[in-house]
Amino acid sequence: MSQFFRSFVLFALVLFSGNARAQIIQDPTTWKYEVQRKNDSTFDLVFSLKLKEHWHIWSLNPGGDGLEIPPEFKFDKDPAYRLVGKVKESGKKVTGEMDGVDGVVSYFLDHVRYVETIVAHGNVKVTGVHSYQVCDESMCLPPKKKNFSFEITGFATQSATPAPEQVPAPDTVVAQRGDTLADTIKKAVVTAADQKQDTPGGTKKEKQRGLLWLFFMSLGGGIAAVITPCVYSMIPITVSFFTKRSKTRAEGIRNAVWYSLSIILIFTILGILISAAFGANALNNLSTNWIANLFFFIIFIIFGISFLGAFEITLPSSWTSKTDSKAGVGSFSGIFFMALTLVIVSFSCTGPIVGPLLVLAGQGGIVGPALGMFGFSVGLALPFAVFAVFPGLLNKMATSGGWLNQVKVVLGFLELMLAMKFLSNADLAQGWRLLDREIFIAIWIVLSVMLGFYLLGRLKLSHDDASPKNLYGQEYVSIFKLFLAIISFTFAVYLLPGMWGAPLNGMSQFLPPMGTQDYVVSNGGGAAGTGESSNGPSPKKYVEELKKYEPTVAVQSGLVTFYDYEEALEAAKVLKKPVMLDFTGINCVNCRKMESQVWSQPEVMKRLKNDFIVASLYCDYDKVDLPADKQFYSKELNSKVVTLGDWNEHLQAAKFNSNSQPFYFYVDENGEKLVENGYAYDPDAQKFIDHLEKVKAAYQSRHQGQ
């Protein structure tokens, strides 16, 4: 009962805090900087962060969809010292899924300890700057930068700095899809007695859930690899070799089982080596790094073309020759090298499955790659052991033939489709605009249609066998391939409306954002985000730079969004409407949730389009510098205003005494506030409607008689 009461009170406080937090400049962080001597010349520079309740900071490797901003530590160069390794983090870590974010994310609650080790041989002052972003359950503050300085003096006689209060060992909590931050905090608040029953890395139940999911995903990948030509064709040959060359059936089974275990051992060792080489979370960064995404795009294109039959990808023949020369059934070591030969020979088929699996496995921390490769290898090796124990099943196996090549071709089409996703990730990160939304969709439609025709036998490749014929000598299609073709054509038809701006919610996590769409029917056939505002002024400033970040629901509904404060005021004078200042962020998760959950409601969107001028002011956009004569020092931000994002943040802080996003404030055409309080994140659509009506009434009251 006490645990329930404590959780209930915490939840109530979280809900209350969403309304109780007034418009105030917030800084929920407290930083301390200390030096700890490790030996005569080695020191730990310790950044200790204390977070206020309900706030979190992203991990150094946050994962997610690439919009999360991790802490960054930059040290000024000085020959008097050298850095040893990278910054390490520890504290109350949460790893899992978060509502509104794609993929698995990692962040810290309550406290974090960052440590950078240096080697110095004399008195030295270590300086630099670190940046970070903190969020709570309803908002994210713009990224902040702080200067730091560590003094190492009295070198000859200095004793070790007393260790600060010990930060508890990392307490990782696994968050689930649909959890609010309040739900996650409730999971994280455990008593000391509870902590003793938990394992480092979260409660046993939560940790096992995440690892089990990773294992079964990997197991599925291994089973999928079995039906590829490189592996499938090896099953009867290899099992027959063991059963016929062994003196007894028991010996044949033992050798085949050892062969299967060798496959598992090889892949698991590969996973362990990857963990040791790249660390706990480095692989996870590959999913958000534009260079890595571009690399994966190239690899997937190569594998896709190879699967379609253009060429065969193999590892160096010398590798196969060396392992094959040591393979034999006379010893366990010989059997191990037989398994290693299979791994090398089958690379052209298993490589495209193992590559993405390793990226996925990287999200499982230090054990992720090892566990992922273990699951994959179990699925891959299972048929060899089963057929060795029950050799009679070999007679029921479908013979190798043209169907295996068809499997490979189908995988080739899927590889090409996945390649587009990796290219899209890199394209969005760099702003190249090579793969806008409608181009991406068009490519997927074409590939889906071609796959459907291939499955029906209407598209032939040079290495395909002749299609089977019925009793009348006519080519026919199996029921299984017919249903696959139906699925492929249905998918193409589903994608087709997306060419004209349909949201395609079922695939939204794979598609580029609506802001990259050049043609949207709801905008009267215009490009996304460039429509006219009720025959009034249209946005001109920063449109090209920011329209790709425009809220998807705004694009779908034809809502015109301004990006410049002064331009929005000018539009308000012409159209005689109040202005809704949407202080938002490109990396603001709750901003996207507010747009998708509240703005998308028909009654809300009707009011935004008909009754307001909407100005989306991105407080974290740093790619547009203000003219030199427009840059200044902001006492509210305690920093220089250099970029467009800085200026928007300064406007929010100076005019509205607030610095969190999302936050909506309302002004008239002269920039005068219409209501005292703004509106923060709250997914209650009716409450937002009531607030808009209140603002509209205030505007009408102010302009009566005009």
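A simple spin-label model places the labels of W500 and E53 5.4 nm from each other, with each point 7 Å out along Cα-to-Cβ. Per-residue Karplus couplings for region 544-561, computed as 6.51 cos²θ - 1.76 cosθ + 1.60 with θ equal to phi - 60°, are listed in order as 4, 6, 10, 5, 5, 9, 4, x, 4, 5, 5, 5, 4, 8, x, 6, 7, 10 Hz, Gly and Pro entered as x.
Cβ-Cβ distance of A442 and F510, R₀ of 22 Å, FRET efficiency by 1/(1 + (r/R0)^6): the value works out to about 0.95. Taking 0.36 nm per residue of separation and subtracting the Cα-Cα distance, full extension of the segment from V493 to A310 would add 63.0 nm. Multiplying the residue separation of Q686 and S639 by 0.36 nm and subtracting their alpha-carbon distance yields 13.1 nm. Cross-link pairs exceeding 32 Å in C-alpha to C-alpha distance, out of K92/K548; K38/K92; K146/K548, comprise K92/K548. Going by neighbour counts of Cβ atoms within 10 Å, the residues Y549, Y618 line up, fewest first, as Y549, Y618.
Under the criterion of Cα pairs below 8 Å and six or more residues apart, the relative contact order for region 566-665 equals 34 percent.
Taking all Cα pairs closer than 8 Å and separated by 6 or more residues, the relative contact order of region 613-706 comes to 18 percent.
For V115 and E570, a Förster radius of 51 Å and the Cβ-Cβ distance give a FRET efficiency of 0.50, rounded to the nearest 0.05. Say the cut-off is 19 Å between C-alpha atoms; which of K635/K655; K32/K623; K93/K144; K421/K481; K606/K655 go over it? Too far apart for the 19 Å limit: K32/K623; K93/K144; K421/K481; K606/K655. For region 660-683, the residues whose amide N sits under 17 Å from a probe point set 7 Å from the Cα of K541 along the beta carbon direction are 667-672. DSSP beta bridges confined to region 551-702 are antiparallel in about 60 percent of cases. Amide H contacts under 5 Å for V641: F632, Y633, S634, restricted to partners 5 or more places along the chain or on a different chain, H placed in the peptide plane at 1.01 Å from N.
Amide H contacts of K38: F43, D44, each under 5 Å away and 5 or more positions distant or on a separate chain (H built 1.01 Å from N in the peptide plane; Pro and chain starts excluded). Close amide H partners of V84, meaning residues 5 or more places away or on another chain with modelled amide H under 5 Å apart, are T117, I118, V119. Projecting label points 7 angstrom from Cα along Cα→Cβ for E676 and N657 puts them 1.0 nm apart.
Given 0.36 nm per residue, what is the gain on full extension from K146 to R254 after removing their alpha carbon distance, in nm?
Length gained between K146 and R254: 32.6 nm.
In this calculation the C-beta distance from D76 to K609 is compared with R0 = 56 Å, giving a FRET efficiency of 0.65. Per-residue packing, averaged as other Cβ atoms within 10 Å, sorts the ranges 73-86, 49-62 into the order 49-62, 73-86, beginning with the highest. Taking label points 7 Å from Cα along the Cα-to-Cβ direction, T42 and D622 give a separation of 3.3 nm. Neighbours of D436, meaning other residues whose beta-carbon lies under 12 angstrom from its beta-carbon, give a summed charge of +1 when Lys and Arg score +1 and Asp and Glu score -1.
Each reported figure results from applying straightforward, stated rules to the coordinates on display, with no laboratory input. Predicted model, so just to flag it, every value in this text is computed and none were measured. Cβ: placed from backbone, ideal geometry, glycine included. Neighbour counts: every protein chain shown.
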